[in-house]
1. Are there any pairs with C-beta distances below 6 angstrom linking a residue in region A:259-273 that is within 13 Å of A:ILE166 (Cβ to Cβ) to a residue that is among the polar types (S, T, N, Q), with the two at least 6 apart or on different chains, and if so which?
2. I need every pair where a residue in region A:224-235 that is surrounded by 24 or more Cβ atoms within 10 Å (Cβ to Cβ) has its Cβ under 6 Å from the Cβ of a residue that is among the acidic types (Asp, Glu) and part of a loop (DSSP other than H, G, I, E, B), sequence separation at least 6 or different chains.
3. Within region A:20-62, can you find the residues that are under 23 Å from B:LEU30 (Cα atoms) and in a helix (DSSP H, G or I)?
4. Would you be able to tell me the number of residues in region A:101-123 that are away from every other protein chain (no Cβ under 13 Å) and either touching a His at 6+ places or on another chain (Cβ under 8 Å) or modelled with pLDDT under 95 (or both)?
5. Cβ contacts < 6 Å: first residue touching a residue at least 40 places away in the same chain (Cβ under 8 Å), restricted to region A:37-51; second residue among the hydroxyl-bearing types (Ser, Thr, Tyr) and crowded, with 24+ Cβ neighbours inside 10 Å, any location; separation 6+ or different chain. Result?
6. Here are some conditions: (1) more than 12 Å from chain A (Cβ to nearest Cβ); (2) farther than 27 Å from A:ALA223 by Cβ; (3) in a loop (DSSP other than H, G, I, E, B); (4) not β-branched (Val, Ile, Thr). B:ALA90 meets all but one. Which one does it not meet?
7. So if I check each of A:VAL350, A:VAL388, A:VAL338, which one is in contact (Cβ under 8 Å) with a residue 24 or more places away in the chain, over 26 Å from B:PRO24 (Cα atoms) and surrounded by fewer than 24 Cβ atoms within 10 Å (Cβ to Cβ)?
8. Could you list, in sequence order, all residues of region A:3-19 that are among the aliphatic types (A, V, I, L, M), outside any helix (DSSP H, G or I) and free of Cβ contacts under 8 Å to residues at least 40 places away in the same chain?
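The values are calculated or read from the model by the stated rules, or taken from the named source; none is laboratory data. For clarity, every value in this text was computed on a predicted model and none was experimentally measured. Note: ideal-geometry Cβ built from the backbone for every residue, glycine included; neighbour counts use all protein chains shown.
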Amino acid sequence: MGSTITEKILAKAAGVEKVSPGDNIWVDVDILLTHDVCGPGTIGVFKREFGDDAKVWDIEKLVIIPDHYIHTKDEKAHRNVDILRDFVKEQDLPYFYDPGTPSYKGVCHVALPEAGHVRPGEVIFGTDSHTCTHGALGAFSTGIGNTDAGFVLGTGKLLIKVPKTIRFVLDGELQPGVVAKDIILRIIGDIGVDGATYGALEFCGSAIDALDIEGRMTICNMAIEAGGKNGIIAADQKAIDYVKSRTDKPFTPLYSDDDATYEKTYRYDVSEFVPCIAEPHLPSNYAAAADRTEVKLDRAYIGSCTGGKTSDFIMAARILKGRKVTIDTFLVPATVEVAEALLNEQIEGVSLVQIFADAGCLDIAPPSCAACLGGPDDTFGRTHGNEVVISTTNRNFLGRMGSKTSKINLASPMTVAASAIAGHIADPRELM
Amino acid sequence: MVNKTIKGRVYVLADNIDTDQIIPAIYLNLVPTIPEEYAKLGSYAMAGLPEDLPPFIPEGEEKTPYAIVIGGNNFGCGSSREHAPICLGAAGVEAVVAPSYARIFFRNAVSTGEVFPVESKDRLCDKFKTGDIAEINFTANTITNQTSEESFELLSPGAVAPVIEAGGIFEYARKIGMIKQKD
C-alpha cells in the first residue's frame, strides 16, 4: 500500500520508511514560526524548561514574524514585541521581521512564503492555527501551542500523531466571479466545522491545478476551519517556480502514491459552485450570496492571511473599478509587499490604490492582522457595537472581530466588494 | 492524575465552543508564563460567552466556582492560542468533559497539563445543568451527576495517556530520556 504526501513527509521527518495514520512519532522540524502574541509565551516556556542560558536548537530554522498587535497604543503589545527583540539579540537570530524597521513584513502566513521559508516536502510548525496555509506549497504545516513550540525551540523535535488523509478531488472550471474562497467555504459548509478533525486535507484535481499559488493558500489556510491538522496540495511546476523565485535553499517535493489510502474522497465539479458566504457565527454556515441579498450590511473588510493578499485586492478592484461603495470599507494589506503591489498593480492603467480611493474606501491601513481577530480596543476595523460585517477573513465566531454583538459574514474578495457597493450581501457575477 | 477523582460544580455549554469565546483576543496581550498575567488570564476565562449565560467567574473574583466544564462536540475549535486551556486551568477548572475536541485545544490541554480534556462516550450537555455537582472517576471511567444520580461513560485517553500521566510534554520527554532532567 502506498502513502499520501502528508504521510511521506512525516515518515521522512521521523527517519522511518513508512508511517500510518494514528502512529505517534517524533519528527524533526524544518521551520518553527512564531509571532508577537504567542512568541513571548513560547520563549517563557523555553527558558523555564531548558534554563536561562539555553540556546535555540538551530537559528536558521526559527522565523519570528510579529504581525498581530502592531499598530496599537496597547503597552503590553509593545512590551511583547520588545520580548521578541531581546530574544533575537540574545540568540543572534537571523530571521526576525521587526515592526518599525525596513525588515517589517506583516501577516506571518503571507510573509513566510514571501521570504522563502516555505519549501515543498518540509515540516513547518507555527504558533498560530492558520499555519496550515503553507501546505499550498507542498509542505506539512500545522499550528501548535506555546508549550509545544517551547519544546521545539530546545530540541528541534515534536511528538505528533500521523493524521488520516481526506482527499478532495476538484475538477471542472470555475465560473467568472467564483474563486478559491468560494471553494473552501463550500467544502466547509458540506463537511462541517469538525468534518475533518485530526485529518490532513489533500486538495487535487484540475480546478486546483488551474489556481494560482495565492488561491491555493486561501484554500489550505481554512483547513483548520474544518478541524483539519493540515491542508496540502502537491507541488506542481507553478509551486516549484514560486519557491525557487523566493529561496536558493534546496528542497525535495514529495507526492502521494497512486495506491495511497485515503480515509475518504470527496469529488466536486466546481463549475457548479457559486459565490457564497458563511453566515454568523460559524464558517460552516454556508449560503449562496444570491440567496441572502436581504441582509443589510454596515461594514466591509478586506484583509488577513486568508483574504489580504495581492490577488485578493486585484479581485476586489476588478469589481470596485468605476463604482462607489455605500458602506464603510476597510482595506488591510497582509504585508508590505502586498501594500507595494497596491501602488504598482494596475487595471486598465489605474493603480489599485486609485481604484479603491475613487470607490470611496477608507484609507488603506498599514499591514498587520488588524481586526481579523478583534485585538486591542484601538485596532483598525475592530467592531465595537452591533455592526453587520462582510469580510474576507477566516472566522466569524461570536465576538471574533471585537464586539460580541456584531455579526460577521465571511466571503470572497469579489463578493465583499460587490456587497460593499450594494450595501447588502450581493452576488458579484451581476457586476461582471 | 489518572488514578484520582475530580469532584465539583459543572458549567454546561453546547457544541463548537471556540477559543474566541474561551479567551477573547483582546486578552492575548497577556503572557501566560508571567505569573501575574497567568492569574489575570484566569480571571478572563470564558469572557467571550454570550451575555445571557450565567457568569463563569463571579464579579470581583479571579477564580471560577466550576471545577468541571461540560461541552458539546468540537470543544475548543479555532485558534492555537494556548491561553485557552491555560485560562481555564488558571481559573481553577480541573477538567473539561466533551464528546469531541478540536485537535489543537486538546493537544494544548495535554501538553501543558493545565486542564484534563476528558472524552465522553455520549454528548452530555443535556444531562447536566450548570451548578449540578459531578464526580469524575478515572478508575471506573465514569462521570456521575450527583444531583440527578445518573452516571455516564468516559473514554480512556488511549495513546496520549502517558503524556497526561506524566503531566505534560516536557515531563513525558524527561521520563523517556528524550530531554535532560531539570537541574
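1. Sorted first by the residue in region A:259-273, then by its partner, the pairs are A:ALA260/A:SER3; A:ALA260/A:THR4; A:TYR262/A:THR165.
2. A:GLY227/A:ASP194
3. A:GLY39, A:PRO40, A:GLY41, A:THR42, A:ILE43, A:GLY44, A:VAL45, A:PHE46, A:LYS47, A:ARG48, A:GLU49, A:PHE50
4. So the count comes out to 3.
5. A:CYS38/A:THR127; A:THR42/A:THR34; A:THR42/A:THR127; A:VAL45/A:THR147
6. (3)
7. Just one listed residue meets the conditions, A:VAL350.
8. A:VAL16
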